[in-house]
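Novice: Below you will find the structure I want to go over with you.
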Amino acid sequence: IRSFDGTTIQGWLLKPLGFSALRKYPLVLEIHGGPRAQYGWAFFHEFQLLAAQGYVVLYTNPRGSQGNGEKFASAIVNDWGNIDYRDLMSAVEHVEATGFIDIKRVGVCGGSYGGYMTNWIVGHTDHFRAAITMRCVSNLTSMFGTSDMGYDEPQEFRTPPWDDWVNYQRMSPITYVANVRTPLLITHGEADLRCPIEQAEQMYTALKFMKRDVEML
């Protein structure tokens, strides 16, 4: 996939059995965790289950992912939600342009950093019909003090939060929660130490307070 600036982004499409390019299918964008992780040629039960239900599944390695060199992986350091978001949206637009996607039935989901990016996406576009954020990240400031890897944030974002509150706020999806109009399902493990449940509770509480379409499991 060619992204907005010409950068090549690796991706895969998993299609339902009996696929026909003459039909229209709902599409689900899946976003991996990390961000320093990657999808590859591997079996993933969640994707197979979606395809078995008739969805086309798109999964990609946007900038920030592993597997394409250090420059590619470090491209989003101190800049989450910028080119990674644009890479993902470029991939969605590329697939929608094939003609076999029902553009009114496009969903997005992801876990961990993928949950962060799902939260970010619904705060920045109404393109998706529905979203599922799993074991998500919503507030990078509170994440510092509650996650078992919060101490790693100053390496990723250059400073601890108290030295640059504005920067942490700029990259936190909770900052943009008032923009969310996409129906959102939040799923989270209560004992998650990496992405603490307070991250999900902040999204849920804010959206519920505004009477938006949100549920939490």
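Novice: Taking LYS104 as the anchor, which lysines have their alpha carbon closer than 17 Å to its alpha carbon, excluding any fewer than eight residues away along the same chain?
Specialist: LYS24
Novice: In addition: Per-residue ellipticity at 222 nm for the chain, helices alone: DSSP H runs ≥ 4 residues times -39500 (n - 2.57), over residue total, nearest 500 deg cm²/dmol?
Specialist: -8500 deg cm²/dmol
Novice: For the chain, which whole-number percentage of the solvent-accessible area (1.4 Å probe, protein heavy atoms only) is attributable to carbon and sulfur atoms?
Specialist: C and S fraction of accessible area: 54 percent.
Novice: Can you tell which of VAL106, SER20, THR118 lies farthest toward the positive end of the dipole of region 10-169, using +1 and -1 charges on the Cβ of basic and acidic side chains (Lys, Arg; Asp, Glu)?
Specialist: SER20
Novice: Compute the distance from the alpha-carbon center of region 177-207 to that of region 59-114, in whole Å.
Specialist: One Cα centre to the other: 21 Å.
Novice: How large is the accessible surface per residue of the chain, computed with a 1.4 Å probe and reported in Å² as a whole number?
Specialist: The answer is 49 Å² per residue.
Novice: Continuing with this model, one more query. If you place +1 on the Cβ of every Lys and Arg, -1 on the Cβ of every Asp and Glu, and leave all else neutral, what size is the dipole of the chain about its Cα centre, to the nearest 20 Debye?
Specialist: Values: 19 positive and 23 negative charges, 171 e Å.
I would put it at about 820 debye.
Novice: What list of ³J(HN,Hα) couplings, whole Hz, do you get for region 177-182 from phi and the Karplus terms 6.51, -1.76, 1.60, once you set θ to phi - 60° and write x for glycine and proline?
Specialist: After applying 6.51 cos²θ - 1.76 cosθ + 1.60, I find 5, 5, 7, 6, 10, 6 Hz.
The values are calculated or read from the model by the stated rules, or taken from the named source; none is laboratory data. Note that the structure is predicted; figures quoted are calculated from it, not measured. Heads up, the Cβs are rebuilt from the backbone with ideal geometry, glycines too, and the neighbour counts pull from every protein chain shown. Calculation scope for accessible area: heavy atoms of the full protein, side chains included, ligands and nucleic acids excluded. Shrake-Rupley method; radii C 1.70, N 1.55, O 1.52, S 1.80 Å.
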